[in-house]
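Worksheet: the structure to be examined is printed underneath.
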Amino acid sequence: MEVYIQLSSGKGPKECDFFLTKVLSIFKREALEKQILVTIVSQEQSEGELIRSAICKLTGHDIDIFLQSWTGSLQWTCTSPFRTFHKRKNWFIALFIVNEKNEVAISEDDILYQMIRSSGPGGQHVNKVSSAVRALHMPTGLMVVAMDTRSQLQNKKLATERLALKIMNMQDLTVKQEKDLQWHNHAEIERGNPIRVFKGIKFKGSL
């Protein structure tokens, strides 16, 4: 079973991005405890290494049951770690399942794959074999590179998924704008009814 989800802080302040970055680690850890693999397909960063939005693929069994305690608005109650005298203490992000109709199916006949070497720091090769994969979608000219794992097969699969995501963003900009609007409406409505609340700088969570 595979399910795609998105974590988003919308247009929230830096504190929301900080919250999302921490929650993503908690989400991955809890998923692993349920033997669910979480693969980050794409992410949008804000300041530094903070994450504003992440699309993840979940693989495993009983994912729908696991997501019942995650899907919706998430709240973090804590004083700002960035603004000492800021009065606000409640920060919100959201997790929602990506609609299947927005997924893009592409034919591998339209993709040109090239195996390349994964390079490490200082130009050192991670492997002597070519494990990284460059994928070119010939009809659109879009290209991605995947070198996340030592497995050429897994990197090829990741490259295909990232290419599909790029095509979706290019072809379906209107839908993306509608999703952004839905997110803003959703955030305003759900602020008083979070599915989970995390407290303090150690992010102690409750359902």
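The values are calculated or read from the model by the stated rules, or taken from the named source; none is laboratory data. Predicted model, so just to flag it, every value in this text is computed and none were measured. Here the Cβ is made from the backbone with ideal geometry for all residues, glycine too, and neighbour counts use every protein chain on show.
I want to confirm something. Restricting to the range 140-164 and keeping residues that are outside any helix (DSSP H, G or I) and of a type in the set (Gly, Ala, Ser), which single residue is surrounded by the most Cβ atoms within 10 Å (Cβ to Cβ)?
Looking only at the range 140-164, we keep the residues that are outside any helix (DSSP H, G or I), and these are 140-151.
Retained after the next criterion (residues that are of a type in the set (Gly, Ala, Ser)): 141, 146, 151.
Details: 141: 7, 146: 22, 151: 12.
Per the stated criteria, the residue is 146.
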Condition broken by residue 106, with the remaining ones in (1) under 17 Å from the mean Cα position of the chain (by Cα); (2) outside any strand (DSSP E or B); (3) at pLDDT below 90 satisfied: (1)
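If we scan the range 8-26, do we find a residue that is part of a strand (DSSP E or B) and not hydroxyl-bearing (Ser, Thr, Tyr)?
The first filter runs over the range 8-26 and keeps only residues part of a strand (DSSP E or B), leaving 8.
Add one more test, that the residue is not hydroxyl-bearing (Ser, Thr, Tyr), and what stays is none.
No, the conditions are met nowhere in the range 8-26.
Just give me the residues in the range 62-85 being part of a loop (DSSP other than H, G, I, E, B), at pLDDT below 90 and not β-branched (Val, Ile, Thr), in sequence order.
85
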Pair list, Cβ under 8 Å, 6 or more apart: the range 194-205 residue within 17 Å of residue 81 (Cβ to Cβ), other residue modelled with pLDDT under 90 and exposed (fewer than 14 other Cβ atoms within 10 Å of the Cβ): 198/204; 198/206; 199/206
